[in-house]
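Contents: one structure, followed by commentary.
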Amino acid sequence: MGENGQASRFHAGTLTEGWAWFGAHPALSRGREGWSFRVWAPHAAAVSVVGDFNQWDASAAPLKREGETWTGFLPDLPRYTSYKYAVTGADGAVHYKADPYGFHTETRPATASKLIDIEGFPWTDAKFREKKGDRPVYTSPLNIYEVHLGSWRRPENEGFYDYRTIARDLAAYVKDMGYNAVELLPVTEHPLDDSWGYQCTGYFAPTSRYGTPFDFMWFVDHMHQNGISVILDWVPAHFCKDEQGLYEFDGSFCYEYSDPKKREHAGWGTRIFDYGRQEVVSFLLSSARFWLEMYHIDGLRVDAVASMLYLDYDRPDGQWTPNKNGGKENLEAVEFLRNLNRMAFSVDPSVLMVAEESTSWPLVTSPPEAGGLGFNLKWNMGWMNDMCHYLKLDPYFRQFNHKDITFSLMYAFSENYVLPLSHDEVVHMKGSLVGKMPGDYENQLRSLRGFYAYLLAHPGKKLLFMGPEIGQWHEWDANGQLDWYLLDAEINRKTQAFFRAANRFYQKTPELWEMDFRGQGFEWLVPDDNHNNVAVFLRRDAEGSDLLCAVNFSPNAYPDYRVGVPDHRRFVEVFNTDAGEFGGGGYGNAEPVEAETVPSHGRDCSVSLRIPPFGGVFLRGEGKIPAKKAAAKGEKPAPTEASMPAAEKPAKTPKSSKASPTVKKERDTGKKAAKKPAAKPVK
């Protein structure tokens, strides 16, 4: 397509490969090798290319105006030459800007772009990408390890490992631990370490903190060689106000809204992209496509979608501009998101487009043609908030907040959800995931194992931020590294062994993922036992095979927990969070549990389970009970307490507990102990 065609598409908001037209590229002019430049600066009075090669003289290498863009050619500049655009605004002020479409940058605190040709990387991931297309995410396991590259591991000299070194270590670790995807906090270039990458200046440049563009390509390729998908956090919601970035690029409002009631996120100190300006739409669509095509990225997690959708987001009354219909929905952003997802799936039908959307906006993961936004996955922020609230409660008070672990099933199949335990939950004085649990460290780790079993069994794909798998007890520090020294202790090695085993069990168990987004894949058995802090349910695969999942959020061991079950002859325990190799006490169901014709929970047959404190057990049913057997003996036995409706259960007076929610063990009396009441609050 000629330049006129490219320009027309750019101004229409349909140019999705803009990196090939804008920016700096190797070129030949009049027999001389050099670099061509193109930049969009509609309100500029003049634009030139500056760098050490011309002493940063704004008059030395002027570009020529072509409509709203500026173009030119400079000969004989070597690769990695640093450059900026000197953009003279209408008021005569000169602004020194990095290239919005630049592929590489100087390492912070320096801010210039660097010349590089990113073509020609020898990719070796063709088989991985072909195989990926045969495994739709909807019916496949997806267990994501969320990583901040700068603080996963660090060398002793307090710098950073490069992309290739990180890739070797991270791929081996992730593969061994049983995850099948990594999600990277933004690697798009950003000036401030403390922003973790969420305030970007380079939408086409992997940060130079860890190496060159080719190094990052090697990172992705190496992950793919090890069967690991790579998801990037990508931020089209806002951008930072650093002088070298997109901020008032041509001396006026260019990439941001001009309307002061739409222009800025005051709480974040950032500018908001103008989704109604088609050149900005082309820029953002091109950035998304760039990572998918040029870096073989498998998915984009779109950050802060809620802030894009609502014009009144974090704004008081009177400080936001309604849409053309008088509403608060940002119709321009809605259309942008739909076009973003249309484009992404046209480039890669197996792409993961994940929305971090925290409101009740409907149809986030439905196609645009059905009125949806077009994503195929959405973070379940409600589940995350409920669970973090529940886990911090003393076990006694959990009985009054049982809805925290059950309410999510009221809407679990309304969207294609990812269950995230992300970086946002382990910073800013929120503590680590382990630290949220009550009790001493041993009981915190026991609770961590039980909760993780609940996470794996709950419908939805999975995401865990780095750290809990080694029992990290303090919150994440982006300026340090994970506390790998913890693995010197046996209890932490056993905790890591638990996560490894749990993840591998998840991967090989289709009941836990094949029907994540269909109601037929889940059935409650015991949703309402708030007094004992227990939840029991079935997960099913597409063939109808079921897995019984029982999770106990109390410090009590239950030696005789009766549950109404489907008509299997017996249930065999296949996973137990309290196994000795995980640091537990080995409390569980060592022998197959025979089904009995004891009615419970509205079913003719039931089983008596042993459920460990703060733990979970998974059991698989075997065989079938003949239909007549359940009806034999005419008279029904007296109902057990577990089978009674809540209103009919006898009242219990809780016994006093110790000063921390330590695990209570049943006495070996040779008899089955009665269920214990929930623990009293910590004093």
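Determine whether region 86-109 contains at least one residue that is within 25 Å of GLU17 (Cα to Cα), in contact with a strand residue (DSSP E or B) (Cβ under 9 Å, 6 or more places away or on another chain) and free of Cβ contacts under 8 Å to residues at least 24 places away in the same chain.
no
Say whether the condition of being hydrophobic (A, V, I, L, M, F, W, C) and within 17 Å of ASP250 (Cβ to Cβ) is met by at least one residue in region 101-115.
no
Only one of ARG539, ARG562 is open to solvent by less than 20 Å² (accessible area, probe 1.4 Å), of a type in the set (Lys, Arg), touching a Leu at 6+ places or on another chain (Cβ under 9 Å) and in contact (Cβ under 8 Å) with a residue 12 or more places away in the chain. Can you tell me which?
Unique residue meeting the criteria: ARG539.
When the residues of region 160-170 are filtered to those that are in contact (Cβ under 8 Å) with a residue 12 or more places away in the chain and not aliphatic (A, V, I, L, M), which remaining residue is most open to solvent (accessible area, probe 1.4 Å)?
ARG168
Taking the condition of being more than 33 Å from the chain's Cα centre (by Cα) and open to solvent by less than 50 Å² (accessible area, probe 1.4 Å), how many residues in region 570-585 meet it?
So the count comes out to 2.
Condition test on GLU469, is it part of a helix (DSSP H, G or I), out of contact with any Leu (no Cβ under 9 Å at 6 or more places or on another chain) and within 26 Å of THR139 (Cα to Cα)?
Yes.
For residues that are touching a residue at least 12 places away in the same chain (Cβ under 8 Å) and either under 22 Å from THR139 (Cα atoms) or crowded, with 20+ Cβ neighbours inside 10 Å (or both), tally how many sit in region 394-410.
7
Is at least one residue of region 171-184 in contact (Cβ under 8 Å) with a residue 12 or more places away in the chain, within 22 Å of PHE283 (Cβ to Cβ) and either touching a helix residue (DSSP H, G or I) at 6+ places or on another chain (Cβ under 9 Å) or open to solvent by less than 10 Å² (accessible area, probe 1.4 Å) (or both)?
Within region 171-184, one or more residues are in contact (Cβ under 8 Å) with a residue 12 or more places away in the chain, within 22 Å of PHE283 (Cβ to Cβ) and either touching a helix residue (DSSP H, G or I) at 6+ places or on another chain (Cβ under 9 Å) or open to solvent by less than 10 Å² (accessible area, probe 1.4 Å) (or both).
Within region 259-281, work out how many residues are open to solvent by less than 30 Å² (accessible area, probe 1.4 Å) and part of a strand (DSSP E or B).
Residues in region 259-281 being open to solvent by less than 30 Å² (accessible area, probe 1.4 Å) and part of a strand (DSSP E or B): 4 in total.
For region 589-608, which positions are crowded, with 17+ Cβ neighbours inside 10 Å, without any contact (Cβ under 8 Å) to a residue 60 or more places away in the chain and part of a loop (DSSP other than H, G, I, E, B)?
ASN589, ALA595, VAL598, PRO599, ASP604, CYS605
Of the residues that make up region 495-518, is at least one farther than 30 Å from TYR138 by Cα and open to solvent by 10 Å² or more (accessible area, probe 1.4 Å)?
The answer is no, given that none of the residues of region 495-518 is farther than 30 Å from TYR138 by Cα and open to solvent by 10 Å² or more (accessible area, probe 1.4 Å).
Quick check on my filter: what residues within region 565-588 are assigned to a strand (DSSP E or B), closer than 27 Å to PHE517 by Cβ and free of Cβ contacts under 8 Å to residues at least 60 places away in the same chain?
Within region 565-588, PHE571 is the sole residue that qualifies.
For region 609-622, state whether one or more residues are open to solvent by 40 Å² or more (accessible area, probe 1.4 Å), closer than 28 Å to PHE498 by Cβ and within 33 Å of the chain's Cα centre (by Cα).
Within region 609-622, one or more residues are open to solvent by 40 Å² or more (accessible area, probe 1.4 Å), closer than 28 Å to PHE498 by Cβ and within 33 Å of the chain's Cα centre (by Cα).
Go through region 476-489 and count every residue that is open to solvent by 50 Å² or more (accessible area, probe 1.4 Å) and touching a residue at least 12 places away in the same chain (Cβ under 8 Å).
Total meeting the criteria: 3.
Only one of these is under 17 Å from LYS97 (Cβ atoms) and open to solvent by less than 10 Å² (accessible area, probe 1.4 Å): GLY197, GLY299, GLY202. Name it.
The unique qualifying residue is GLY202.
Please specify each residue of region 387-415 satisfying the condition of being out of contact with any strand residue (DSSP E or B) (no Cβ under 6 Å at 6 or more places or on another chain) and either in a loop (DSSP other than H, G, I, E, B) or at positive phi (or both).
Passing the criteria: LYS392, LEU393, ASP394, HIS402, TYR411, ALA412, PHE413, SER414.
State yes or no: is SER113 surrounded by 15 or more Cβ atoms within 10 Å (Cβ to Cβ), free of Cβ contacts under 8 Å to residues at least 40 places away in the same chain and touching an Asp or Glu at 6+ places or on another chain (Cβ under 6 Å)?
Considered against the rule, which asks whether it is surrounded by 15 or more Cβ atoms within 10 Å (Cβ to Cβ), free of Cβ contacts under 8 Å to residues at least 40 places away in the same chain and touching an Asp or Glu at 6+ places or on another chain (Cβ under 6 Å), SER113 comes out as no.
Quick one: would you say GLY431 is assigned to a loop (DSSP other than H, G, I, E, B), open to solvent by 10 Å² or more (accessible area, probe 1.4 Å) and touching a His at 6+ places or on another chain (Cβ under 9 Å)?
Taking the combined requirement at face value, the residue satisfies it.
Where the second residue is not in a loop (DSSP other than H, G, I, E, B) and the first is of a type in the set (Lys, Arg) and lies in region 225-254, which pairs have Cβ atoms under 8 Å and are six or more apart or on separate chains?
Every condition considered, the pairs that remain are LYS241/THR270; LYS241/ARG271.
Could you list, in sequence order, all residues of region 305-333 that are of a type in the set (A, V, I, L, M, F, W, C) and either open to solvent by 10 Å² or more (accessible area, probe 1.4 Å) or part of a strand (DSSP E or B) (or both)?
Result: LEU311, TRP320, LEU331.
Is one or more of the residues making up region 463-474 of a type outside the set (A, V, I, L, M) and free of Cβ contacts under 8 Å to residues at least 24 places away in the same chain?
No; the residues of region 463-474 include none that is of a type outside the set (A, V, I, L, M) and free of Cβ contacts under 8 Å to residues at least 24 places away in the same chain.
Across region 47-65, what is the number of residues that are surrounded by 12 or more Cβ atoms within 10 Å (Cβ to Cβ) and under 18 Å from PHE22 (Cα atoms)?
Within region 47-65, residues that are surrounded by 12 or more Cβ atoms within 10 Å (Cβ to Cβ) and under 18 Å from PHE22 (Cα atoms) number 8.
Name the residue, out of TYR173, TYR161, TYR203, TYR138, that is part of a strand (DSSP E or B) and not polar (S, T, N, Q).
Selected residue: TYR203, the only one of TYR173, TYR161, TYR203, TYR138 that is part of a strand (DSSP E or B) and not polar (S, T, N, Q).
The values are calculated or read from the model by the stated rules, or taken from the named source; none is laboratory data. What you see is a predicted model; the values in this text were computed from it and never measured. Positions of Cβ are generated from backbone atoms using ideal geometry, with glycine treated the same way; all protein chains shown enter the neighbour counts. Areas reflect the complete protein model, heavy atoms only, side chains present, ligands, DNA and RNA absent. Shrake-Rupley method; radii C 1.70, N 1.55, O 1.52, S 1.80 Å.
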